[in-house]
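The values are calculated or read from the model by the stated rules, or taken from the named source; none is laboratory data. What you see is a predicted model, and the numbers here were worked out from it, not measured in a lab. Here the Cβ is made from the backbone with ideal geometry for all residues, glycine too, and neighbour counts use every protein chain on show.
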Amino acid sequence: MELSFPTKAFRTHGGAHVPHHKNTSMMPTVEMPAPARVVLPMQQHIGAPCVPAVKKGDHVYVGTVVGEAQAFVCAPIHASVSGTVHSVEKVALSNGALADAVIIDSDGLMEPDPNLCPPQIRTKEDLIQAARDCGLVGLGGAGFPAHVKLNVPADKKIDTLIINVAECEPFVTADHREAIENGWDLLSGVYLLKRMLEIDRVIIAVETNKPDVIDILRRIADDKRYDPDDRVRVLPLPARYPQGAEKVLIHACTGRDIPTGGLPADVGCIVMNISSAAALARYVETGMPLVKRRVTIDGSAIAEPKNVFVPLGTSIHDVIEFCGGYSKPVKKLISGGPMMGFAITDDSFPVLKSNNAFLAFEEKDAIISPPTACIRCGRCVQACPMNLVPTMLEKYTEMKNTEKLQELDIMTCMECGCCAYSCPAHHRLVQSMRVGKALVKNAGRKS
Ligand code: SF4
Ligand code: SF4
């Protein structure tokens, strides 16, 4: 029996009305020219790092494999410029970790690898192999290898594919521009996924603050030539952060709740970010793997905010220079959005597959008021989409009481920041949640 489509989004708990600041949503994406050098870390995804497949002095083309995936949860890495391998060495990543990296000096020609060719997709296995071969990871920020997500265990029946176009983080508009500029790429990727994975219905979830996206995707999805059975539909969602978080999104689209520790497949769903689906479709059409991505550059200290197509491995500094550089002294530089992104110490790090935005703010926009005593107002509890009690979790984190932290389900915290955003006493609740989760993990390792 065919599943019905919801006529409106299911109600979700909590969340926050954050200001949108979608300053770049109406600006066409600009292609960045080849940088002089790219740095391609072998760890750009969740899972095992890649193994360098080239050595100093090798010539590479755009799309040549430079990092081989030798584990299942891993995605290969491809050269994003043509040129010569300068070195293979350890580099620091923005999270403080060290990783092997292939450093390529560009010849400025951006010559594609002559061996690239579009894959033949006839079966589900072909599709999963294509997702792996093109090095696709979740482009919404998660960085989870796409082929792992698509490789659903045989005992799980998937009936719903949700395409995530919520993009609820303030400032970030990379997915918005993907939909406007490449709506057809997206939909051809969606139809391919639907056909190969034999999925009954596809819900394209878009927040209502993007009426132009709803309009353009509806026009393509409602075209009977491509979707004669009308099994692909756009669902407008209330513009309320964190509508794009996987668990929240699944509930909003289907009314289903993922159990603690479970996965979307446990409730019959696969969630894919719009840019990931479009990238897969482009690979199937052209054979060019994931070598560049759209990145939003914005914030009060950026001279010319815009969306830029960036060869992976370009330094953040080079991308910001391409956007006119800094217009004011920078107090805070953030990788990702202001709610779930993290502050980085300098702009010399390379752009990775999972980076959808870099935001630079001057001092007046970066000051956080010092915390004061908790007034037990309960706003953090009301705001938590996961029905947690952040104020209690903060207390038990301070006490290092891992039993209580587990009892209060801290591991379901997705670090969305709604609690901290809502707190009138400016408590650093997300930091507390991160510390609390680390305490629980460490306690589990020791026992
Ligand atoms: S950061 Fe965690 S505790 Fe705070 S609102 Fe989000 S899910 Fe709830
Ligand atoms: S929102 Fe802040 S002040 Fe209010 S109960 Fe939570 S921690 Fe305390």
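Results, tabulated for the structure shown:
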| quantity | calculated |
| --- | --- |
| Filtered residue count, the stretch 56-83, keeping only those that are modelled with pLDDT of 95 or more and among the aromatic types (Phe, Trp, Tyr) | 1 |
| Conditions (1) touching a Phe, Trp or Tyr at 6+ places or on another chain (Cβ under 6 Å); (2) within 13 Å of ligand 1 (Cβ to nearest atom); number of the one not met by residue 382 | (1) |
| Of all residues making up the stretch 92-142, the number that are touching a strand residue (DSSP E or B) at 6+ places or on another chain (Cβ under 7 Å), closer than 23 Å to residue 309 by Cβ and not assigned by TED's automatic domain parsing to the domain that holds residue 194 | 13 |
| Residue in the stretch 380-389 that is more than 30 Å from residue 299 (Cα to Cα), surrounded by 19 or more Cβ atoms within 10 Å (Cβ to Cβ) and either within 12 Å of ligand 2 (Cβ to nearest atom) or touching a residue at least 60 places away in the same chain (Cβ under 8 Å) (or both) present | yes |
| Residue that is surrounded by the fewest Cβ atoms within 10 Å (Cβ to Cβ) [pool: residues in the stretch 390-409 that are closer than 23 Å to residue 258 by Cβ and either among the charged types (D, E, K, R) or within 8 Å of ligand 1 (Cβ to nearest atom) (or both)] | 407 |
| Breaking point among (1) modelled with pLDDT under 95; (2) within 23 Å of residue 139 (Cα to Cα); (3) surrounded by fewer than 19 Cβ atoms within 10 Å (Cβ to Cβ); (4) not polar (S, T, N, Q), for residue 45 | (3) |
| Number of positions in the stretch 240-262 that are within 19 Å of residue 139 (Cβ to Cβ) and part of a loop (DSSP other than H, G, I, E, B) | 4 |
| Among (1) of a type in the set (Ser, Thr, Tyr); (2) more than 9 Å from ligand 2 (Cβ to nearest atom); (3) within 25 Å of residue 444 (Cα to Cα) - the single one residue 369 does not satisfy | (3) |
| Residue within the stretch 352-366 that is hydrophobic (A, V, I, L, M, F, W, C), within 16 Å of ligand 1 (Cβ to nearest atom) and in contact (Cβ under 8 Å) with a residue 40 or more places away in the chain present | no |
| Hits in the stretch 324-364 - residues which are surrounded by fewer than 17 Cβ atoms within 10 Å (Cβ to Cβ) and of a type in the set (Gly, Ala, Ser) | 324, 325, 327, 343, 348 |
| Qualifying residue in the stretch 75-83 (condition: out of contact with any Leu (no Cβ under 7 Å at 6 or more places or on another chain), surrounded by fewer than 16 Cβ atoms within 10 Å (Cβ to Cβ) and either under 29 Å from residue 333 (Cβ atoms) or touching a residue at least 60 places away in the same chain (Cβ under 8 Å) (or both)) | no |
| Matching entry among 327, 369 (being modelled with pLDDT under 95 and farther than 22 Å from residue 100 by Cα) | 369 |
| Restricting the stretch 1-37 to residues that are among the hydroxyl-bearing types (Ser, Thr, Tyr) and touching a Pro at 6+ places or on another chain (Cβ under 9 Å), the residue that is surrounded by the most Cβ atoms within 10 Å (Cβ to Cβ) | 24 |
